[in-house]
Ligand SMILES: [Zn+2]
């Protein structure tokens, strides 16, 4: 356009990009809950952000990766079964695209676990007493993995919560500024890593509820007794005093959560196929070392 000032042409380009991105925007429907989702962030961009955020957490000098087989093996075993279940679920398409990775973070004080877009999973050893056994671990990992499979991070970015926190929607849409540390921090917060970056953006009630519900079905499908999820939340209530892990930071309260899980239990039991030889021993923090 002739006579356009540099600033105006910049705006025109930006507008074109935003309009283009909006035109491509998907309005998806969750295959389990039929909740509709506004998704302005592409799957590949979201997966790239997940991988970046994961690398950032793992390279943090304060983060100690466990190589103790007593801690790593149960986590990897449960993750493998949950991933297999995901690949045979209504999320099969996205689960097969993920480049799954699992790490155990040696930190007995942090009651947390997360799964980022692209299938990047981390479990803190501090969650072991809450999980207690592999079925409990499956309940927790099922929940976390659903946040990633259901693209809750992308949805949250799309909802403009980051824009409110000082980031422009255009930045998110064109994926331009993840090299900016402040932006990268907000991205991580949107992906549920608020605890790690000191910015807390809890998942919404609908995201939590969806993760609880589909996570319960996935854990059952993976061969773990879904009843254990109820005990996990009971233990979470007892053990998490004063700490806000990702899954504690939001409504619903424990009682509501447990009531919902009980309500979904008959459906979960239809998915449940007990596996012979499934380890039932306590996780290492509770076993003698
Ligand atoms: Zn959650």
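Looking at 223, 242, which one is at pLDDT below 65 and not in a helix (DSSP H, G or I)?
242
With the structure loaded, tell me whether residue 237 is part of a loop (DSSP other than H, G, I, E, B) and at pLDDT below 85 or whether it fails that test.
no
Among the numbered criteria (1) more than 26 Å from residue 102 (Cα to Cα); (2) at pLDDT 85 or above, which one does residue 51 miss?
Residue 51 satisfies all of (1) more than 26 Å from residue 102 (Cα to Cα); (2) at pLDDT 85 or above except (1).
Which one of these is farther than 20 Å from residue 203 by Cβ and free of Cβ contacts under 8 Å to residues at least 60 places away in the same chain: 115, 85, 80?
Going through 115, 85, 80 in turn, the sole match is 80.
Across the range 15-33, what is the number of residues that are at pLDDT 85 or above and in a loop (DSSP other than H, G, I, E, B)?
Total meeting the criteria: 4.
Please count how many residues of the range 122-154 are within 13 Å of the ligand (Cβ to nearest atom) and not in a helix (DSSP H, G or I).
1
Which condition does residue 203 not pass, out of (1) within 13 Å of the ligand (Cβ to nearest atom); (2) assigned to a loop (DSSP other than H, G, I, E, B); (3) modelled with pLDDT under 65, if it passes all the others?
Only one criterion in (1) within 13 Å of the ligand (Cβ to nearest atom); (2) assigned to a loop (DSSP other than H, G, I, E, B); (3) modelled with pLDDT under 65 is unmet by residue 203, namely (3).
The values are calculated or read from the model by the stated rules, or taken from the named source; none is laboratory data. Model, not experiment: these values are computed from the prediction. Backbone-built Cβ (ideal geometry, glycine too); neighbour counts: all protein chains shown.
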